[in-house]
Amino acid sequence: QLVESGGGLVQAGGSLRLSCASSGRIFSSYAMGWFRQAPGKEREFVATISWSGDSTSYADSVKGRFTISRDNAKNTLALQMNNLSPEDTAVYCCARSAIAGISTLKGAYAYWGQGTQVTVSS
């Protein structure tokens, strides 16, 4: 089970830190990712991190502003979001990959959280 937290309303230029808690015992064996879905749009890739945390990848739209991290000892995943813009408004979901390596493809992820709403006002 994956449970996200940390969403909310923030002004443009502000920051938020999302967290994802996993109740699974094998959290550390798989890559994890963040995806987002804005109203009327498809779910899109945001960031991913390998099982060890050594490899990460970001969508071009968030590169340099967002940072993904994980704590395998605590079974948690985080997404630090800085310099937010209204275009970042969406429901953000964490997901557990079916593989150890990173992937930007939705199909590579087997388990999904319910999501947390992020709203950025202009």
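The values are calculated or read from the model by the stated rules, or taken from the named source; none is laboratory data. Everything numeric in this text was worked out from a predicted model, so none of it was measured. Here Cβ is always computed from backbone atoms with ideal geometry, including for glycine, and neighbour counts include all displayed protein chains. For accessibility, only protein heavy atoms count, side chains too; no ligands or nucleic acids. Shrake-Rupley method; radii C 1.70, N 1.55, O 1.52, S 1.80 Å.
Brief remarks on what is shown
Yes/no per residue for (1) in contact (Cβ under 8 Å) with a residue 40 or more places away in the chain; (2) touching a helix residue (DSSP H, G or I) at 6+ places or on another chain (Cβ under 7 Å); (3) within 22 Å of residue 86 (Cα to Cα); (4) small (Gly, Ala, Ser):
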site	(1), (2), (3), (4)
11	yes, no, yes, no
21	yes, no, no, yes
37	yes, no, yes, no
40	no, no, yes, yes
43	yes, yes, yes, no
46	yes, no, yes, no
54	no, no, no, no
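- The numbered conditions (1) out of contact with any Ser or Thr (no Cβ under 8 Å at 6 or more places or on another chain); (2) surrounded by fewer than 20 Cβ atoms within 10 Å (Cβ to Cβ) are all true for residue 95 except (2).
- Taking the range 15-38 as the range and being open to solvent by less than 20 Å² (accessible area, probe 1.4 Å) and out of contact with any Gly (no Cβ under 8 Å at 6 or more places or on another chain) as the test, the residues that pass are 27, 32, 33, 34, 35, 36.
- Out of 70, 65, sole residue that is surrounded by 18 or more Cβ atoms within 10 Å (Cβ to Cβ) and basic (Lys, Arg): 70
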